[in-house]
Amino acid sequence: MRRFVLCLLAMLLCVPVAASGEDYAPIALTDDAAYAVNLFLSNFTEVGVKAVCGGSLADADNEALVDFAHDHLWFNDPDAFEYGDYFNGNNCRVADDEIQDILNRYFYDAPKVDLSITRFDYDGAYYYHCETGGWISDGFAMATSMCPLGDDAYFVSFLVFGAGENWSNDDLHLSISEAGKKYGHPNGYGSALVHASDIEVRKTYKMISFGRI
């Protein structure tokens, strides 16, 4: 919790702010904007990220960045993984060649990470783990507010629904009330600092700082 708060405060101090205080008020999101920000944030919530600062190279953030990229591959490109009998009882591996590219796509001013700082076994080319079929999604994000900070930066608050459920991207079009009726009580909440040149277009989003409780 303390690291989450410090991370967000540090990023807030580094982001240029808008010209007047009234510009900080939450903006009304179009359907396209709500879907885009929900989809972007859900890439982080589904893999269970708790806190990460893209501009930090402290070991804890380096590990969180590398592990995010690895887990993003697991949920979105399972064919990238190979199976076999490997060291330390591991039976699954994935090459490290996409890790930095994923971080460059998802983080604003992404640092060059140390690929060896990770929770997984690593041999300099592959990440290994023992696959038991126990991975489940940790839920999807629903933005509750989005406040402009200037220079295409936004402070976003969100709820998380559907942990352990077979949700789909279609659920990202739901209202918060509809998500609650379908999946029950939120299983998490948090906030993020994001950069987006067009908030209605998912591919323009980059993460600055993210924290979830």
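The values are calculated or read from the model by the stated rules, or taken from the named source; none is laboratory data. Since the model is a prediction, treat every value here as computed from it, not as a measurement. Positions of Cβ are backbone-derived with ideal geometry, glycine not excepted, and every protein chain shown enters the neighbour counts. All accessible areas refer to the heavy atoms of the entire protein, side chains included, with ligands and DNA or RNA removed. Shrake-Rupley method; radii C 1.70, N 1.55, O 1.52, S 1.80 Å.
A few comments on the model shown:
- Hey, residue 123 in contact with a strand residue (DSSP E or B) (Cβ under 9 Å, 6 or more places away or on another chain), at pLDDT 95 or above and of a type in the set (Asp, Glu) or not: yes
- For region 102-142, taking the residues that are of a type in the set (Val, Ile, Thr) and touching a Phe, Trp or Tyr at 6+ places or on another chain (Cβ under 9 Å), the one that is nearest to residue 193 (Cα to Cα) is identified as 102.
- Taking the criterion of being open to solvent by less than 20 Å² (accessible area, probe 1.4 Å) and under 13 Å from residue 110 (Cβ atoms), the residues of region 47-71 that qualify are 52, 53, 54, 61, 62, 65, 66, 68, 69.
- Among the residues of region 79-98, those identified as open to solvent by 70 Å² or more (accessible area, probe 1.4 Å) and either of a type in the set (Lys, Arg) or in a helix (DSSP H, G or I) (or both) are 79, 87, 88.
- Counted residues, region 29-42 - those being touching a strand residue (DSSP E or B) at 6+ places or on another chain (Cβ under 9 Å) and either closer than 16 Å to residue 187 by Cα or among the hydroxyl-bearing types (Ser, Thr, Tyr) (or both): 3
- Note on region 23-46: residues that are surrounded by fewer than 22 Cβ atoms within 10 Å (Cβ to Cβ), among the charged types (D, E, K, R) and farther than 15 Å from residue 155 by Cβ total 2.
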